[in-house]
Amino acid sequence: GEIEGRMESGKFVLRIFNRSGERFWYDEEEIDVSKAIQANEEKKLIGAICAAPLILGTNHLLEGKDACCYPGFEDELKGAIVVDEQAVDSEHVITGRSMGGAIDFALLLVEKLLGEDKAEEIADQIVY
């Protein structure tokens, strides 16, 4: 895939193309990263799944953190320690690989917000 990104007046503009050159995910969508930057500085919880970790990575918000993203785009996770997991919790940042890891990703968010017991309760309720 090919990724093109640039900053414009505090917003990140991202275009991602698949291997055949057809665009997918975002087509020049403006993504305001200022809140993510501020949340990162304040060590507030940040969650990003599928293509979204690329936005964190290209803005150097994953420096030194374990992270995962949609396969094939790991090079865009600047400064991250890329792991081959469906979802990963690293400090205050939770990243997920894809839709296939959405339950793992969601349970990590629940664990961070409501505790391990609640995450286990929900996992049991959905027979996971």
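Looking only at region 62-86, count every residue that is outside any loop (DSSP other than H, G, I, E, B) and open to solvent by less than 20 Å² (accessible area, probe 1.4 Å) and tell me the total.
So the answer is 1.
Search region 109-119 for residues being free of Cβ contacts under 8 Å to residues at least 24 places away in the same chain and not β-branched (Val, Ile, Thr), and hand back the single one that is farthest from Ala51 (Cα to Cα).
Filtering first and then ranking leaves Asp117.
Do we find that Ile103 is among the β-branched types (Val, Ile, Thr), modelled with pLDDT of 90 or more, open to solvent by 60 Å² or more (accessible area, probe 1.4 Å) and under 30 Å from Val127 (Cα atoms) in this structure?
Considered against the rule, which asks whether it is among the β-branched types (Val, Ile, Thr), modelled with pLDDT of 90 or more, open to solvent by 60 Å² or more (accessible area, probe 1.4 Å) and under 30 Å from Val127 (Cα atoms), Ile103 comes out as yes.
Restricting attention to region 87-107, report how many residues are in contact (Cβ under 8 Å) with a residue 40 or more places away in the chain, in a helix (DSSP H, G or I) and in contact with an Asp or Glu (Cβ under 9 Å, 6 or more places away or on another chain).
1
The values are calculated or read from the model by the stated rules, or taken from the named source; none is laboratory data. Keep in mind the model is a prediction, meaning the values are calculated, not measured. We place every Cβ from the backbone using ideal geometry, glycine too, and count neighbours over all the protein chains shown. These area figures cover heavy atoms from the full protein model, side chains too; ligands, DNA and RNA do not enter into them. Shrake-Rupley method; radii C 1.70, N 1.55, O 1.52, S 1.80 Å.
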